[in-house]
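The values are calculated or read from the model by the stated rules, or taken from the named source; none is laboratory data. Computed from a predicted structure; not experimentally measured. Cβ: placed from backbone, ideal geometry, glycine included. Neighbour counts: every protein chain shown. These accessible areas exclude ligands, DNA and RNA; they are computed on the full protein's heavy atoms, side chains included. Shrake-Rupley method; radii C 1.70, N 1.55, O 1.52, S 1.80 Å.
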Amino acid sequence: AQSVTQLGSHVSVSEGALVLLRCNYSSSVPPYLFWYVQYPNQGLQLLLKYTSAATLVKGINGFEAEFKKSETSFHLTKPSAHMSDAAEYFCAVSLNFGNEKLTFGTGTRLTIIP
Amino acid sequence: SQTIHQWPATLVQPVGSPLSLECTVEGTSNPNLYWYRQAAGRGLQLLFYSVGIGQISSEVPQNLSASRPQDRQFILSSKKLLLSDSGFYLCAWDGATDTQYFGPGTRLTVL
(Lines give C-alpha, C1' and ligand atoms only; values in the text may rest on other atoms or scores of the structure.)
Protein backbone atom coordinates (compact mmCIF):
# COMPACT_ATOMS: atom_id res chain seq x y z
CA ALA A 1 0.00 0.00 0.00
CA GLN A 2 1.10 3.53 -0.62
CA SER A 3 1.14 6.45 1.78
CA VAL A 4 2.07 10.11 1.89
CA THR A 5 3.44 12.21 4.73
CA GLN A 6 3.33 15.98 4.62
CA LEU A 7 5.66 17.52 7.17
CA GLY A 8 4.19 20.62 8.73
CA SER A 9 0.45 21.16 8.84
CA HIS A 10 1.00 24.93 8.81
CA VAL A 11 3.72 26.88 7.02
CA SER A 12 4.12 30.66 7.04
CA VAL A 13 6.40 32.57 4.69
CA SER A 14 6.86 36.23 3.93
CA GLU A 15 5.71 37.62 0.62
CA GLY A 16 8.56 37.29 -1.85
CA ALA A 17 10.29 34.52 0.11
CA LEU A 18 10.87 30.94 -0.96
CA VAL A 19 8.00 28.51 -0.49
CA LEU A 20 8.94 24.93 0.44
CA LEU A 21 6.24 22.38 1.25
CA ARG A 22 7.47 18.91 2.11
CA CYS A 23 6.07 15.59 0.96
CA ASN A 24 7.49 12.13 1.48
CA TYR A 25 5.90 9.02 0.06
CA SER A 26 5.96 5.31 0.61
CA SER A 27 5.24 2.99 -2.27
CA SER A 28 6.09 -0.58 -3.20
CA VAL A 29 6.31 0.29 -6.89
CA PRO A 30 7.33 3.44 -8.77
CA PRO A 31 4.67 5.95 -7.85
CA TYR A 32 2.75 8.67 -9.57
CA LEU A 33 2.80 11.82 -7.45
CA PHE A 34 0.58 14.86 -7.44
CA TRP A 35 0.25 18.23 -5.76
CA TYR A 36 -3.17 19.81 -5.45
CA VAL A 37 -4.15 23.23 -4.11
CA GLN A 38 -7.39 24.06 -2.35
CA TYR A 39 -8.62 27.60 -1.81
CA PRO A 40 -11.18 28.20 0.95
CA ASN A 41 -14.50 26.49 0.35
CA GLN A 42 -13.46 25.26 -3.08
CA GLY A 43 -12.55 21.97 -4.65
CA LEU A 44 -9.01 20.83 -5.35
CA GLN A 45 -7.06 22.05 -8.33
CA LEU A 46 -4.14 20.17 -9.80
CA LEU A 47 -0.85 22.07 -9.51
CA LEU A 48 1.47 19.50 -11.04
CA LYS A 49 2.11 15.80 -11.38
CA TYR A 50 5.00 13.37 -11.74
CA THR A 51 4.37 10.31 -13.90
CA SER A 52 7.85 8.83 -14.38
CA ALA A 53 9.06 11.31 -16.98
CA ALA A 54 11.28 14.25 -16.02
CA THR A 55 12.07 14.33 -12.31
CA LEU A 56 11.70 18.11 -12.12
CA VAL A 57 8.10 18.96 -12.78
CA LYS A 58 6.82 22.46 -13.44
CA GLY A 59 3.23 23.32 -12.67
CA ILE A 60 0.88 26.25 -12.68
CA ASN A 61 1.33 29.52 -10.78
CA GLY A 62 5.13 29.22 -10.75
CA PHE A 63 5.27 26.07 -8.62
CA GLU A 64 7.57 23.16 -9.26
CA ALA A 65 8.46 19.89 -7.56
CA GLU A 66 11.33 17.47 -7.82
CA PHE A 67 10.98 13.71 -7.55
CA LYS A 68 13.88 12.27 -5.56
CA LYS A 69 13.72 8.50 -5.46
CA SER A 70 16.66 8.16 -3.05
CA GLU A 71 14.90 10.40 -0.54
CA THR A 72 11.36 9.21 -1.39
CA SER A 73 10.42 12.86 -1.57
CA PHE A 74 8.39 15.16 -3.80
CA HIS A 75 8.72 18.60 -2.23
CA LEU A 76 6.86 21.56 -3.69
CA THR A 77 8.68 24.86 -4.17
CA LYS A 78 8.12 28.36 -5.48
CA PRO A 79 10.95 30.90 -5.60
CA SER A 80 8.89 33.91 -4.56
CA ALA A 81 5.66 33.72 -2.58
CA HIS A 82 2.67 35.81 -3.55
CA MET A 83 -0.29 36.70 -1.37
CA SER A 84 -2.54 34.71 -3.71
CA ASP A 85 -0.61 31.53 -2.84
CA ALA A 86 -2.29 31.36 0.55
CA ALA A 87 -4.22 28.10 0.47
CA GLU A 88 -4.06 24.48 1.55
CA TYR A 89 -1.81 22.15 -0.38
CA PHE A 90 -2.18 18.40 -0.67
CA CYS A 91 0.34 15.85 -1.84
CA ALA A 92 -1.03 12.60 -3.24
CA VAL A 93 0.28 9.31 -4.57
CA SER A 94 -1.11 6.60 -6.80
CA LEU A 95 0.51 3.36 -7.82
CA ASN A 96 0.26 3.56 -11.57
CA PHE A 97 -1.43 4.99 -14.55
CA GLY A 98 -5.12 5.63 -14.57
CA ASN A 99 -8.00 4.05 -12.68
CA GLU A 100 -6.01 4.11 -9.50
CA LYS A 101 -7.14 5.57 -6.26
CA LEU A 102 -5.23 8.50 -4.91
CA THR A 103 -3.90 8.48 -1.37
CA PHE A 104 -3.69 11.99 0.02
CA GLY A 105 -1.54 13.53 2.69
CA THR A 106 -3.17 15.48 5.49
CA GLY A 107 -2.41 18.79 3.85
CA THR A 108 -0.31 21.87 4.58
CA ARG A 109 -1.91 25.24 5.11
CA LEU A 110 0.28 27.98 3.64
CA THR A 111 0.02 31.48 5.07
CA ILE A 112 1.71 34.42 3.37
CA ILE A 113 2.89 37.24 5.61
CA PRO A 114 2.71 40.70 3.98
CA SER B 1 -14.07 20.45 -22.27
CA GLN B 2 -15.05 18.49 -19.21
CA THR B 3 -16.80 20.00 -16.22
CA ILE B 4 -17.97 18.57 -12.94
CA HIS B 5 -20.91 19.88 -10.95
CA GLN B 6 -21.92 19.32 -7.36
CA TRP B 7 -25.01 20.47 -5.52
CA PRO B 8 -26.01 21.79 -3.22
CA ALA B 9 -23.03 23.98 -2.36
CA THR B 10 -23.96 24.15 1.31
CA LEU B 11 -26.38 22.15 3.41
CA VAL B 12 -27.44 22.24 7.05
CA GLN B 13 -29.31 19.19 8.24
CA PRO B 14 -30.53 17.92 11.62
CA VAL B 15 -29.22 14.68 13.09
CA GLY B 16 -31.27 11.73 11.90
CA SER B 17 -32.41 13.35 8.67
CA PRO B 18 -31.71 11.85 5.23
CA LEU B 19 -29.08 13.09 2.82
CA SER B 20 -28.68 13.21 -0.94
CA LEU B 21 -25.73 14.88 -2.63
CA GLU B 22 -25.42 14.84 -6.38
CA CYS B 23 -22.46 15.00 -8.69
CA THR B 24 -22.56 15.13 -12.48
CA VAL B 25 -19.81 15.22 -15.06
CA GLU B 26 -20.09 16.72 -18.54
CA GLY B 27 -17.95 16.32 -21.60
CA THR B 28 -16.71 12.80 -21.03
CA SER B 29 -18.04 9.27 -21.06
CA ASN B 30 -17.47 6.31 -18.77
CA PRO B 31 -15.47 8.25 -16.18
CA ASN B 32 -14.28 6.80 -12.90
CA LEU B 33 -16.07 8.69 -10.17
CA TYR B 34 -15.08 9.28 -6.56
CA TRP B 35 -16.58 10.67 -3.35
CA TYR B 36 -14.22 12.12 -0.75
CA ARG B 37 -14.88 13.66 2.63
CA GLN B 38 -12.74 16.33 4.20
CA ALA B 39 -13.40 16.78 7.91
CA ALA B 40 -12.32 19.96 9.67
CA GLY B 41 -8.54 20.08 10.01
CA ARG B 42 -8.04 16.75 8.32
CA GLY B 43 -7.04 15.48 4.91
CA LEU B 44 -9.19 13.83 2.30
CA GLN B 45 -10.77 10.48 2.96
CA LEU B 46 -11.94 8.39 0.03
CA LEU B 47 -15.47 7.18 0.71
CA PHE B 48 -16.61 5.53 -2.53
CA TYR B 49 -15.48 5.05 -6.08
CA SER B 50 -17.20 3.77 -9.18
CA VAL B 51 -15.83 2.45 -12.46
CA GLY B 52 -19.22 2.15 -14.15
CA ILE B 53 -22.99 2.31 -13.85
CA GLY B 54 -24.16 0.39 -10.81
CA GLN B 55 -20.59 -0.45 -9.76
CA ILE B 56 -19.73 0.99 -6.36
CA SER B 57 -16.79 0.23 -4.12
CA SER B 58 -16.81 1.36 -0.52
CA GLU B 59 -13.60 2.34 1.18
CA VAL B 60 -14.82 3.05 4.67
CA PRO B 61 -17.75 1.38 6.45
CA GLN B 62 -20.22 3.99 7.63
CA ASN B 63 -23.81 5.04 7.39
CA LEU B 64 -23.32 6.56 3.95
CA SER B 65 -24.03 4.92 0.62
CA ALA B 66 -23.41 5.79 -3.01
CA SER B 67 -25.16 5.05 -6.25
CA ARG B 68 -24.44 5.58 -9.92
CA PRO B 69 -27.72 5.47 -11.80
CA GLN B 70 -26.31 6.99 -14.98
CA ASP B 71 -22.88 7.06 -16.58
CA ARG B 72 -22.06 10.59 -15.48
CA GLN B 73 -24.08 10.84 -12.29
CA PHE B 74 -22.87 9.91 -8.83
CA ILE B 75 -25.04 10.26 -5.73
CA LEU B 76 -24.06 10.15 -2.07
CA SER B 77 -26.84 9.29 0.36
CA SER B 78 -27.64 8.59 3.95
CA LYS B 79 -30.84 7.45 5.61
CA LYS B 80 -29.98 9.02 8.97
CA LEU B 81 -27.25 11.59 9.40
CA LEU B 82 -24.89 11.61 12.35
CA LEU B 83 -23.03 14.57 13.80
CA SER B 84 -19.80 12.97 12.59
CA ASP B 85 -21.04 13.19 8.99
CA SER B 86 -20.34 16.92 8.96
CA GLY B 87 -17.62 17.92 6.55
CA PHE B 88 -16.76 19.03 3.06
CA TYR B 89 -17.74 16.47 0.44
CA LEU B 90 -15.87 16.40 -2.81
CA CYS B 91 -16.69 14.53 -5.98
CA ALA B 92 -13.95 13.77 -8.48
CA TRP B 93 -13.56 12.04 -11.82
CA ASP B 94 -10.81 10.67 -13.98
CA GLY B 95 -10.81 9.23 -17.44
CA ALA B 96 -8.08 8.16 -19.80
CA THR B 97 -5.48 10.30 -18.05
CA ASP B 98 -3.82 9.77 -14.70
CA THR B 99 -5.32 12.85 -13.11
CA GLN B 100 -8.38 13.26 -10.93
CA TYR B 101 -10.43 16.41 -11.35
CA PHE B 102 -12.48 17.71 -8.47
CA GLY B 103 -15.83 19.40 -8.20
CA PRO B 104 -16.46 22.54 -6.14
CA GLY B 105 -17.62 20.56 -3.09
CA THR B 106 -20.60 20.54 -0.73
CA ARG B 107 -20.26 21.88 2.81
CA LEU B 108 -22.47 19.72 5.06
CA THR B 109 -23.21 20.72 8.64
CA VAL B 110 -25.16 18.30 10.79
CA LEU B 111 -26.69 19.88 13.89
Practice prompt. Please work out how much length the chain gains when fully extended from B:SER77 to B:ARG107, using 0.36 nm per residue of separation minus the C-alpha to C-alpha distance, in nm with one decimal.
Written response: 9.4 nm
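Show me the chymotrypsin sites (Phe, Trp or Tyr not before Pro) within the stretch A:14-114 that DSSP assigns to loop and that have at most 13 other Cβ atoms within 10 Å of their Cβ.
A:PHE97
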Response to the item:
Quick calc, A:HIS82 & B:ALA40: beta-carbon distance into FRET formula, R0 35 Å, rounding 0.05, result 0.85
Worksheet item: Relative contact order, percent, of chain B when contacts are C-alpha pairs under 8 Å separated by at least 6 residues?
Response: 36
Worksheet, complete the sentence: Taking a straight Cα-to-Cα line shorter than 27 Å from A:LYS58, and setting aside same-chain lysines fewer than 8 residues away, one finds A:LYS49, A:LYS68, A:LYS69, A:LYS78, A:LYS101
Practice prompt. Please report how far the C-alpha centroid of the stretch B:10-45 lies from that of the stretch A:1-71, rounded to the nearest whole angstrom.
Written response: 24
Worksheet entry | 11 Å cut-off, amide nitrogen to a point 7 angstrom out along B:ILE53 Cα→Cβ, residues in the stretch B:1-44 | B:30
Worksheet item: For the pair A:ILE113 and B:LEU11, what calculated FRET efficiency results from E = 1/(1 + (r/R0)^6), where r is the Cβ-Cβ distance and R0 = 35 Å, to the nearest 0.05?
Response: 0.50
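Whenever you get a sec, compute what percent of the accessible area on chain B sits on carbon and sulfur atoms (1.4 Å probe).
The value for chain B is 54 percent carbon and sulfur by accessible area.
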Worksheet item: What residues of the stretch B:64-111 lose no less than 40 Å² of accessible area with every protein chain in place versus their chain by itself (probe 1.4 Å, heavy atoms only)?
Response: B:ASP98, B:THR99, B:GLN100, B:PHE102
